[in-house]
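The values are calculated or read from the model by the stated rules, or taken from the named source; none is laboratory data. These numbers come from a predicted model, not from an experiment. Virtual Cβ from ideal backbone geometry, glycine too; neighbours counted across all protein chains shown.
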């Protein structure tokens, strides 16, 4: 039985679900309030330099999930790309994540891997048994000097909060390596779409059963007339912020051009607290298979998200969780709607996780159609 489905949001979450359901014969209408598809992954060529610019900040594809990797390769040629991040601290440049070269350079040593492990162990605060905060996690495992150099100031700027107020789980994502590997990610599959993310998503929605409408906002009137809705907008906005706004961090960009190479790498973090921006990205380095004489760069500034801003990073902390549970209690009573993606589930998600969850959501929906005992859930992941 063909179903009429509304998908709110033309980012990865909505488009992946749309494609999988369209291939099974269902009619899909995608709406997006913006003037373009691809959400925050939207990219476009700068007319003057021809550099592919990641309009809402850089997105680098990395995953260990072969299903996800095979899926995106159906819609784009994925070019090899290794993310090698640099960091400026007190007028010196280091490699991130912290690796053997970073350690030797920072402490002016020539340590072997075993010597470096012993050195870092000696720097760590052994009095902290179970780290509860970001600061405690860093102090226990890398010590005060590396913490203050690479984490304290950057984290304060990125999150607008003292590291002592943030959960330890945030730092568990950041590795320390005792070799000279400066690949920022550990994943098996890493790359960039040759023609950009916008092109990739355009290819995904190229299907006779998919209709895309831009500059269209979701309204309560849209809740009728569809067999199911997949909603990737902000969860609190769906309920008109009746309990208040969930907390997000947003980004401001100072975009500038440079005749030549500005910094010699794609990403340069600025860890000093007195530097107002968190990093500078040079976008031609995200397409190393291309050659460009001129450059397009972004300075990134992080701040609290206000009304009308684009929400980037959900702030899942103690105060936010109380408010979030009020919205989840409402949402879980809904019928014929599933909340998806970073905004719909109020979770930070990398692209590969977003796609994996979307593929799984489509599978669950198709299973619910074939078996009436399997009711389509409002959330297909644990959001509490």
* Structure fact -> Of the conditions (1) within 21 Å of residue 378 (Cα to Cα); (2) in contact with a helix residue (DSSP H, G or I) (Cβ under 9 Å, 6 or more places away or on another chain); (3) surrounded by fewer than 18 Cβ atoms within 10 Å (Cβ to Cβ), the single one that residue 219 does not satisfy is (2)
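Just need a number here: residues in segment 294-315 that are touching a residue at least 12 places away in the same chain (Cβ under 8 Å) and either part of a strand (DSSP E or B) or out of contact with any strand residue (DSSP E or B) (no Cβ under 8 Å at 6 or more places or on another chain) (or both).
As a first pass, look at segment 294-315 and keep what is touching a residue at least 12 places away in the same chain (Cβ under 8 Å): 294-307, 309-315.
The next check asks that each one be either part of a strand (DSSP E or B) or out of contact with any strand residue (DSSP E or B) (no Cβ under 8 Å at 6 or more places or on another chain) (or both); those that pass are 294-304, 307, 313-314.
Residues flagged as touching a residue at least 12 places away in the same chain (Cβ under 8 Å) and either part of a strand (DSSP E or B) or out of contact with any strand residue (DSSP E or B) (no Cβ under 8 Å at 6 or more places or on another chain) (or both) within segment 294-315 amount to 14.
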* Just a yes or no: is a residue in segment 286-293 more than 19 Å from the chain's Cα centre (by Cα), without any contact (Cβ under 8 Å) to a residue 12 or more places away in the chain and more than 15 Å from residue 54 (Cβ to Cβ)? -> yes
* To do: Return a yes/no flag: does segment 178-187 have any residue that is touching a residue at least 12 places away in the same chain (Cβ under 8 Å) and outside any loop (DSSP other than H, G, I, E, B).
  => no
* **Candidates 221, 236, 217, filtered to the one that is over 26 Å from residue 57 (Cα atoms) and in the same structural domain as residue 33 (by TED's automatic domain parsing)** => 221
* residue 274: modelled with pLDDT of 95 or more, more than 26 Å from residue 191 (Cα to Cα) and in the same structural domain as residue 49 (by TED's automatic domain parsing), yes or no? -> no
